[in-house]
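What follows is a set of notes on a single structure, which appears directly below.
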Amino acid sequence: RVVNLKPYEGLRDLLIAQLFLASGIRIEECSLLNIDSINISERKLILKASQTKGKVKGGTIPLPGEVIDTLIQYLPYRLDKNIGVENEDARRALFISQKNNRLSTDQIRRNLYKIVQEAGLKHITPHALRHSFATMMLEGGATLEEVSKLLRHSNITTTHSFYIHQTQRDTSENNIIFNRSKVNK
């Protein structure tokens, strides 16, 4: 749980961390998420092609109940922030700053770092959470093709070259994110 933060900021940053780990989104994709990017009833994250890297197509990613629960808690705070927001892009954005602007990738990175420090962990970046998502999917029985599609890689070779080796050496048993006893070694 996130501590020492205002309710809006705490829920926002918790939701961001959960989305990285549960969906494998890139930091740029996270920054570009809009309120309507998440379909609560179908428990899916919807990425448009304009929200993804380069020429990669958009897609949908299933979300676990924990992420939906946090989103349901977060949305009333987020929608209250729209009162007085004149910038249309910020009004649509899922994550906005204290100054009512769309959260930038740098702000997301700093906020995640703050959460990681408070949890007593080190060296966890948004991209490390993306890698953990892929590793967990592969260890959970997903095929390389399924993981490649969820990661929105344009070529399965990209998925294969990194994640097959990653899975062999970085199982959840020794992964820093899931085993805090490894943090300070």
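Shown here for the range 51-140: GluC sites (Glu not before Pro) in loop regions (DSSP other than H, G, I, E, B) with at most 16 other Cβ atoms within 10 Å, namely GLU86.
Exactly which trypsin sites (Lys or Arg not before Pro) in the range 84-114 are in a DSSP loop and have at most 16 other Cβ atoms within 10 Å?
Hits after loop and neighbour filter: LYS99.
Quick check: pseudo-label points 7 Å beyond the Cα along Cα→Cβ at GLN98 and GLU146, how many nm apart are they? My value for the distance between the label points is 4.3 nm. Here ASP69 sits with roughly 90 square angstrom of accessible surface, probe radius 1.4 Å. In the range 59-83, whose amide N lies under 15 Å from the spot 7 Å out along Cα-to-Cβ of TYR8? List them in ranges. Of the residues in the range 59-83, 74-83 have backbone N under 15 Å from the label point off TYR8.
In terms of its C-alpha gyration tensor, the range 83-146 has an oblate overall shape, because the principal axis ratio a/c (a ≥ b ≥ c, square roots of the eigenvalues) is not below 1.5 and a/b does not outweigh b/c. Ordered from largest to smallest accessible area (heavy atoms of protein chains, 1.4 Å probe), the residues HIS123, HIS131 come out as HIS123, HIS131.
Going 7 Å from the Cα of THR60 along its beta-carbon direction, which residues of the range 25-39 have the amide nitrogen within less than 15 Å of the resulting point? Residues 36-39 qualify, since their backbone N sits under 15 Å from the label point.
The values are calculated or read from the model by the stated rules, or taken from the named source; none is laboratory data. This is a predicted model, so every value here is computed, not measured. Here Cβ is always computed from backbone atoms with ideal geometry, including for glycine, and neighbour counts include all displayed protein chains. These accessible areas exclude ligands, DNA and RNA; they are computed on the full protein's heavy atoms, side chains included. Shrake-Rupley method; radii C 1.70, N 1.55, O 1.52, S 1.80 Å.
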